[in-house]
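Undergrad: For reference, the structure I am asking about is given below.
The values are calculated or read from the model by the stated rules, or taken from the named source; none is laboratory data. Since the model is a prediction, treat every value here as computed from it, not as a measurement. Cβ sites come from the backbone with ideal geometry, for glycine too, and all protein chains shown count toward neighbours. Surface accessibility is based on the protein's heavy atoms, side chains included, excluding ligands, DNA and RNA. Shrake-Rupley method; radii C 1.70, N 1.55, O 1.52, S 1.80 Å.
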Amino acid sequence: MHQFGDYRTYFETKHLKQQQIDDEYVNWDRDRRADISGGDIQPLKPIFSGCVVHVNGHTNPSISEIHRLIILHGGKFISFLSSKGSATHIICDRLTPRKKIEFRNYKVVRAQWVVDCIKKDTLLDWTNYRLIESVEYGQKRLDIGTAEISNEEEAAAISSDSDVENGFLPLTQQKEQDGETNGLAEDDEEVADAMRQVSGTGEKTVLDANHPDFLKHFFANSRLHHLSMWKADLRLKFFRRILKMNKSAKPKPSKRVGENAVIMHIDFDCFFATASCLNHPKLDITRDPIVVTHGRNSSDIASCNYVARAFGVKNGMWVSEARRLCPNIVRLDYDFDSYEKYSSEFYNYLVSYDIFDHIFPVSIDEVLIDATSYFESMEGDLAANVAKLSARIREDVFKLTKCTVSIGASHNVMLAKLSIRKAKPDGQFFLHDNVEQFLDPLSVKDLPGIGHSITEKLAEEIKNSSTSDVKIRELKELTKTRLMSVFGEKTGTKLFEYARGIDNTSLEIDTTDPEAVLGRKSISVDVNFGIRFETIAQLDNFLIRMSKELYSRLIALGICGSSLTLKLAKRAEGAPINPPKFLGSGRCEYISKSSRLGIPTNDWGIIGSELKAIYRMSNVPVKELRGISISMTKLKDVDTIKSSRQMQLPFRKGRGMITKEPTVTREHNKTPAPTNTLTKEKKEGVTSVLHEQFGKEANVDWEVFQALPWDIRREIQRELERRGLMVKTYSPVKAPLGTKSYMQQLIPTQIGSAPKYVRVLETITKSPTKSPSKSPSKRQRLSPIAKKESIYEDTQSYDSSILNELPSSVKNEVIKDIEYKKKIKDYDMTSLRDRITRKLEDSKAQVSEVSSEWLSAQSTLRKLPVFLNNKVTSLQMQPLLSEWVEMSLSQKGPHQDDIAVFAGYLTKLVSQNLNIALLLLRSFRKALAYHQSLLDMNSSLSEQDRGFLMEGIKDWNNNLNAIFCPIVEDYCVANNIDIDL
């Protein structure tokens, strides 16, 4: 017996008892089978001899059935694990993330292994039934300073409740059975795995958007983000190089379109697959099915060669689907160094040729070139010359990169892009004749820039099209006017011209277009993982961090923008709060709002503040957010903006001295009030006067001077005084007499910026003395206003040369007088009595006769709603309604669409003027009663006409009682109004 608390002895005893019971069961089963067969039995083959099996969790078949099968076929079953090595095989159908880490070095098999071993009467290879996939050779690990996680499956499994209690957050489960996948994409698994960190207490946490380092880890560990950014940056590098070459080279011919133009489209054949294959000598790109991807079954295929495409494999397909189509497929990892090397050699080769008019980089492995001038200078057949140059380019590129390219050539960009499809793989094709026969059998979706939505609309427009696959010959049947009415002017014109082989796209880079020079139209930061917020403060903090990320990208590219767009992913109605992918976005609705900043900027403080304002206008609950994207458009180059804003202040001696602008404070009337004057913001009048007086002599732009920061302006003033170009009226440090001066700090534009100060001059005033009260004068009768002389005279002028000769005291008085007159120019100096009289005179109606037209044109307290986009009165509506009733009776009543339109008008009318609504209903009843009387008295009508009119009147009465009257009744009931309809 064991003592209380002696667990070791207890479990050893329990284990021995279990083995004894198992032996007794095996003997009992042998005797049972002997009795059934009459004493002659065939012993069961000890298939599981030497195997010690443990079952973990729910399985199919059940644990009791597996227990029975194992011991009957020579194996040993243990109910618990005293140590990890006590079992040779662990059987389970599902593991939690924690258990996957614990069992990663052991033979973990599915329960089906036991069933198949007994079925085939032999011990099968357990690796074909493994539950935990082994890490493949060459698989790279993420090193971000987190816990060492050796099994990448952990990022895609659902942890049990016990795991959550131990500090593990649940991640999305990913099942991989029989080649089927369900869960995260491989790149998302990688990001989710990278988002996990180990806290100081050893517990695991998952980084979500509230963590300060979330964005850094998110973008650093997203392979898809790295791939897209790498391709965009490399293309921009080539783009700017070509642009720089175009600026230094001699001017190229302008855009030429027509049969003489020759556009060549050069594209590598499965570039990623070919470049990656070059580092594996044992592989042959022409024989082996090869794909480039990262990870395993749920990873996307970035590139596949034509051997794999023959099996149905496509770019963007999951590896699991590709394996199902082609079991022998070979997976290669990305090799960015090789891609950049071969792409650079390719562009270096094209740039080294001085025969092309224009080179336009489409991607790192694709380019469009204009070689019109080269072929115009050559003699002989154009097709032969194009074929000769294409062959030479293909041969040279293959020698440099060992990668094949295909070339499609034609007279415009669109035809060149279609030609290369026929040239691939490793070929060339020049489309120069029979263009119509070439285009007609093609599908519309083969045209560049034509997507699924446009194709569906075309299928609806073309009645003869039996399928959604519209051919170009069917597109040509539609007129240009029809296409423009359906798709708009731009898209409709493009479809019309594409169907006839017309494309006026130019490869010449427009240097006046900032977006064309920069090689992109927008810079964005997109996050669709980990977006979970509880408060507005958390979201504001995240928007600031996204602004800093956008700022860093703008700075790296040397650009800024003036239009900001915020795109929000809101959880769709009915979508689960916790989607299958942990911290993923799930099903969402997308809301986008933009804002124009006015001037180009890359200041993250301005961007962050604008994003906060845009979000507050979106009306999206913060807890419903699942993704955030910000993008900057209307891009401009920073150097260009700096050069355009740079102003020079030429300092040279003039005939006159520059007088520094005084700070003017004036007391009005006899009740002066303290005024604050910021030296940073001078009065417009003083600035313009000084510019008029001294602008020609000193050549100083005072508007630019006033826009400078206070410290720079002060330094310039001192320099002007030192050179004798400015008369010093008073020290800027010492306040003038009657004022006090102090420095005031401005509100910073962004966190961490240096504080800025301005100098403030405040007038010191005394309380006014009260004058003795006077008896009020007798109110006189208002008289018409007499026109008074203008206090300000525009005809006055001042000679600056004479003004400079005056003593400084007199000159200052003249300047003050000029400033005062310019200031009061914008004020109305008329007395209050005269202004009241003028207002009364203006309020009188200046009309000789009050007519209905004049009344309808006057503003009313309650504006009537418009009817059919026309403003009509009740008098105008009554004959219209009578005419409507009379016209619709012969058609068995009104159309339901017309009824719906009038019901909407009546709904708006009844809330604004109930009396007019009742008057219109009464007009309906009078009109119907009138036609009923005519029908009763007119006996000469045929039975058919009489039947039509009777049905029409009946239908009108039904609509009146069922639709129109309830609208008025509901309004009256809601407002406690008694009416009799």
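Undergrad: Below 11 angstrom from the Cβ of Val313, what's the summed charge of the other residues (Lys, Arg +1; Asp, Glu -1)?
TA: My count for the surroundings of Val313 gives +3.
Undergrad: Amide H neighbours of Leu597 under 5 Å, at least 5 residues apart or on other chains, H built in the peptide plane: list them.
TA: Ser563, Leu564
Undergrad: Continuing with this model, one more query. Would you mind pulling out the separation of the Cα centroids of region 359-391 and region 20-86, in Å?
TA: The two parts, judged by their Cα centres, are 77 Å apart.
Undergrad: Mean projection of the alpha-carbon convex hull of region 313-421 over all orientations, in nm²?
TA: Approximately 8.6 nm², given one-decimal rounding.
Undergrad: Quick one: net charge of Tyr615's neighbours, Cβ under 12 Å, K/R +1, D/E -1?
TA: +3
Undergrad: Using a 1.4 angstrom probe on heavy atoms only, work out the carbon and sulfur share of the accessible area of region 1-80 in %.
TA: Exposed carbon and sulfur together represent 54 percent of the surface.
Undergrad: Please sort 415-423, 354-362, 473-481 by packing, taking for each peptide the average over its residues of neighbouring beta carbons within 10 angstrom, highest first.
TA: 415-423, 354-362, 473-481
Undergrad: Can you work out the Karplus-derived ³J(HN,Hα) for every residue in region 260-272? Use 6.51 cos²θ - 1.76 cosθ + 1.60 with θ = phi - 60°, whole Hz, and x for glycine or proline.
TA: 7, 6, 10, 10, 10, 10, 10, 9, 5, 8, 6, 4, 4
Undergrad: With every protein chain present, what is the per residue accessible area of region 322-396 (1.4 Å probe, Å²)?
TA: That works out to 44 Å² for each residue.
Undergrad: Related question: In sequence order, what are the phi-derived ³J(HN,Hα) couplings for region 493-505 according to the Karplus relation 6.51 cos²θ - 1.76 cosθ + 1.60 with θ = phi - 60°, rounded to whole Hz, with x for glycine and proline?
TA: 5, 5, 5, 4, 6, 4, 5, 10, x, 9, 8, 9, 5
Undergrad: Sticking with this one: What whole-number value in Å² describes the accessible area per residue of region 846-979 for a 1.4 Å probe?
TA: Result: 66 Å² of accessible area for each residue.
Undergrad: Just the C-alpha atoms of region 905-981: what Rg/Rh do they give, with Rh taken as the Kirkwood radius?
TA: Ratio of gyration radius to Kirkwood radius for region 905-981: 1.11.
Undergrad: May I ask you to give the percent of accessible area on region 295-405 that is carbon plus sulfur, with a probe radius of 1.4 Å?
TA: 50
Undergrad: Quick query: amide H of Gly627 versus all other amide H atoms, modeled in the peptide plane; which residues come in under 5 Å with a sequence gap of 5 or more or a different chain?
TA: Amide H neighbours of Gly627: Ala569.
Undergrad: State which entries of Lys471/Lys634; Lys422/Lys476; Lys457/Lys892; Lys417/Lys634 exceed 30 angstrom in Cα-Cα distance in the structure shown.
TA: In this structure, Lys471/Lys634; Lys457/Lys892 lie more than 30 Å apart at Cα.
Undergrad: Looking at region 516-575, which GluC sites (Glu not before Pro) are in a loop (DSSP not H, G, I, E or B) and have at most 15 other Cβ atoms within 10 Å?
TA: Of the GluC sites (Glu not before Pro), the ones in loops of region 516-575 whose Cβ has at most 15 other Cβ atoms within 10 Å are Glu534, Glu573.
Undergrad: Skipping prolines and chain starts, which residues have an amide H placed within reach, meaning under 5 Å, of the one on Asp300, given they are 5 or more residues away or on another chain?
TA: When sequence neighbours closer than 5 places are left aside, the close amide H contacts are Glu186, Asp187, His294.
Undergrad: Ignoring any ligand, DNA or RNA, what whole percent of the accessible area of region 600-642 comes from carbon and sulfur when the probe is 1.4 angstrom?
TA: Using a 1.4 Å probe with all protein chains present, region 600-642 comes out at 51 percent carbon and sulfur.
Undergrad: Then there is this: Read phi for every residue in region 615-626 and hand back ³J(HN,Hα) as whole Hz from Karplus 6.51 cos²θ - 1.76 cosθ + 1.60, θ = phi - 60°, with x for Gly and Pro.
TA: 4, 5, 8, 7, 6, 10, x, 5, 6, 8, 6, 10
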